[in-house]
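Engineer: Can you keep this structure in mind? I'll have questions shortly.
Read the figures in this text as sums done on the coordinates, not as results from a lab. Everything quoted here is computed from the prediction, not taken from an experiment. In this analysis, Cβ positions are derived from the backbone assuming ideal geometry, glycine residues included, and neighbour counts consider all displayed protein chains.
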Amino acid sequence: MVMKYLVLLILVLLTSCTPVVGRVIEVDYSGLSHFSSTEEMELWLEGDDTDRVIILIADEDGKVKFDGQCEDFALQLQERALRDGYIVSFYVMGRLEYREHYKDTLPSGELHALNLAVIGNEVYLIEPQTDKYWLKAYLD
């Protein structure tokens, strides 16, 4: 069965008596699933080359900008996972969490982008630049 979710976005104009205006967006989640095991995730990560190759896309002016930013790797890994039918999220790590995990310090005002995968009741973080992953939390 195709699972479809309708999201109704409602725009309300507070300054007048204009009727509520809405737009329905249809999102098809059929075919997407979480990894069933860490082994399945490892196999997928081995087959993906985001940790070795980043695809850069030029802007409207034909310019390509890249300065080794972690979000480019995390977004690419997320897009590829979705393309292959897996639910992988984008995750932002703050300075304290970064220091606790990496034993290093981010510059003031900086964050670090990773990916997040849910397998059963376990939440894993994935470092898209190395394919290393670790257990972040249990859901229950």
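Engineer: For L139, L75, what's the fewest-to-most ordering of other Cβ within 10 Å of each Cβ?
Structural biologist: L139, L75
Engineer: Sorted from fewest to most neighbouring beta carbons within 10 Å, what does the list D59, D84 look like?
Structural biologist: Ranked by crowding around the Cβ, least crowded first: D59, D84.
Engineer: What number, in percent, do you get for the relative contact order of the stretch 34-138 if the mean sequence gap of Cα pairs under 8 Å and at least 6 apart is divided by its residue count?
Structural biologist: Once normalised by length, the contact order is 28 percent.
Engineer: I've got another one for you. What shape does the stretch 34-138 take by its C-alpha gyration tensor, where a ≥ b ≥ c are the square roots of the eigenvalues and a/c under 1.5 counts as rounded, a/b above b/c as prolate, and the rest as oblate?
Structural biologist: Verdict is oblate for the stretch 34-138.
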